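Student: Questions regarding the structure given below will be posed in turn.
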Amino acid sequence: MALLTLKTNIKKLSGELSVPGDKSISHRSVMFGSIAHGQTRVTNFLPGDDCLSTISCFRKLGVMIEENENELFINGNGFSGLKESNEILDVGNSGTTIRLLLGILAGRPFFSSLIGDHSIGKRPMTRVTAPLAKMGAVIDGRENGSFTPISIRGGKLSPIQYELPVASAQVKSALILAGLQAEGVSTIIEPAATRDHTERMIRKFGGEIQNENGVITVSGGQRLTAQSIHVPGDISSAAFFLVAGAIIPNSEIVLKNVGLNPTRTGIIEVMRQMGAKIEIISMGDDSFEPVGDIVIKTSNLKGTVIEGELIPKLIDEIPIIALLATQAEGDTLIKDAEELKVKETNRIDTVVNELKKLGASIEATDDGMIIRGKTALTGGTVSSHGDHRIGMMLSIAALLCENEVSLDEPEAISVSYPNFFSHLDSLI
């Protein structure tokens, strides 16, 4: 796609939005619907490229999935209903798809081969393949299973006791999905709490899993039963409009039915810490996933330090938080975020380099970045580098810029938010 000229020099944002369904929950709804018994109905499904890759892979594994706009009907027949695919399983740009799917395939007595796009080819898979191999799966791939393409022959699994070297919901979830198929009880220990959508999904589908102080135990041989799932709005998508509402003058935005899972609300904690006028109203008491409406108004912001156990609760929001920090008085320091280096791009370097092009005072560190505010943003030509969250962050940054801003590779945004630009236009 050619360069996209972004909206600039915006003086006000106002209105109400329902952001798309949560990407993490949409992925898992397809996976759990596929390994449960019966027909699972999913509403408010996110039809972004990543989630469509998950649907494609499970169809190739023999699962019948019907799509009707943002509604899915998934006809599952348990783990044993999955069949060997005669095609390669292509996960596209989705790290969630490949890592969680490896956990499912580890217990299936057949051969599978998985590939992804150029970005997936750079992302480390050893953190998943090594513990799955210890459980009994036979895995190979580039650099001994470190990178795609990856082949896996699953089968009888032994339970595992495993301490995660990094706080990663994808790795944790892969091992939980393998543990559901192992003969015995598996124990997974987290160094810090990560998003718990997989655990909540197991309980929703009638399974049992325990998590006490970061020690997760799951038994093999459980039978999951089909459910109806309504996917809440994605707080990671809402984050772009939360920041926009805080930094654009004279603004007030209402975001409807946003998922407020406490393992994902780091963005709200940080914004409040920085002085944002942010309010949660009509919080839903849903035992599956809590939801609520969020109101954000133009705010006077101050710099802060973001580190430690807060990082896993906002790892995907750090690009947009970096932009927020450029409009805060004083310095903001982001630490303990090495995991950003192995996302769709090296998000530390990419965020720093792209925001600098717009005039931000920002520098990279080994595990994060330092942002000096408050800084006026000017304009220029920037790139998403094929990373959806970078593309959306730069589109929000452009709203502040005095001069023209052109975005290269804007199509990356469709990975998680296909109608992002129309939603943004509706607020201007």
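Here, each number is a calculation from the coordinates, and none is a lab measurement. These figures come from a predicted structure and were not determined experimentally. Virtual Cβ from ideal backbone geometry, glycine too; neighbours counted across all protein chains shown.
Student: On the principal axes of its Cα set, how long, how wide and how thick is segment 316-428? Give whole Å, largest value first.
Tutor: Reported extents, whole Å, longest axis first: 35, 30, 22.
Student: Provide the per-residue ³J(HN,Hα) series for segment 120-136, in order, calculated from phi with Karplus coefficients 6.51, -1.76, 1.60 and θ = phi - 60°, each as a whole number of Hz, with x at glycine and proline positions.
Tutor: Coupling constants for segment 120-136: 4, x, 9, 8, x, 9, 4, 4, 9, 5, 5, x, 5, 5, 4, 7, x Hz.
Student: Near the amide H of residue 301, under 5 Å away, which other amide H atoms are found, from residues 5 or more places off or on another chain, if H is placed in the peptide plane?
Tutor: 329
Student: If Lys and Arg each add +1 and Asp and Glu each add -1, what is the summed charge of the other residues whose beta carbon sits under 12 Å from the beta carbon of residue 162? Present the calculation step by step, with values, prior to reporting the outcome.
Tutor: Working: positive: 127, 134, 172; negative: 163, 190.
Charge balance in the 12 Å sphere: +1.
Student: Specify whether the C-alpha gyration tensor of segment 43-159 places it in the rounded, prolate or oblate class, a ≥ b ≥ c being the square roots of the eigenvalues: rounded for a/c under 1.5, otherwise prolate if a/b is larger than b/c and oblate if not.
Tutor: Values: a/c = 2.13, a/b = 1.34, b/c = 1.59.
Because a/c hits 1.5 or more and a/b fails to exceed b/c, segment 43-159 counts as oblate.
Student: For the Cα atoms of the chain, what angle does the longest principal axis make with the long axis of helix 388-398, in degrees from 0 to 90, nearest 10?
Tutor: Tilt relative to the chain: about 10 degrees.
Student: If you don't mind, there's one more thing I want to ask. Compute the Cα gyration tensor for segment 23-218, then decide on rounded, prolate or oblate, letting a ≥ b ≥ c be the square roots of its eigenvalues: rounded whenever a/c is under 1.5, prolate when a/b is larger than b/c in the other cases, and oblate in all that remain. Provide the component values of the computation, followed by the final result.
Tutor: On the way: a/c = 1.37, a/b = 1.13, b/c = 1.22.
Here segment 23-218 falls in the rounded category.
Student: If you don't mind, another one. Can you list the residues, at least 5 places off or on another chain, whose amide H is less than 5 Å from the amide H of residue 160, using H built in the peptide plane?
Tutor: It is 186, 187, by chain and number.
Student: On a 27 Å Cα-Cα criterion, which of the cross-link pairs 134/204; 204/297; 11/356; 12/256 come out too long? Numbers along the way, then the final one.
Tutor: Values: 134/204 29 Å; 204/297 35 Å; 11/356 22 Å; 12/256 20 Å.
As for pairs spanning more than 27 Å Cα to Cα, those are 134/204; 204/297.
Student: A further question follows. Run through the DSSP bridge list for segment 23-218 and note the antiparallel percent, rounded to the nearest 5. Walk me through the numbers on the way to the answer.
Tutor: Details: 27 of 32 bridges.
Taking every DSSP beta bridge with both residues in segment 23-218, the antiparallel ones total about 85 percent.
Student: What ranking, highest mean first, results for peptides 206-219, 266-279 when packing means the other Cβ atoms within 10 Å averaged over each residue?
Tutor: The densest-packed peptide leads the list: 266-279, 206-219.
Student: On a C-alpha basis, how far is the centre of segment 177-235 from the centre of segment 1-61 in Å? Whole number, if you could?
Tutor: Cα centroid to Cα centroid, the span is 21 Å.
Student: I'd like the orientation of helix 235-247 relative to the chain: the angle between its Cα long axis and the longest Cα principal axis, in ° from 0 to 90, rounded to 10.
Tutor: Relative to the chain, helix 235-247 is tipped by roughly 10 degrees.
Student: Return one number: the angle in degrees, 0 to 90 and rounded to the nearest 10, between the long axis of the Cα atoms of helix 23-35 and the longest principal axis of the Cα atoms of the chain.
Tutor: 10
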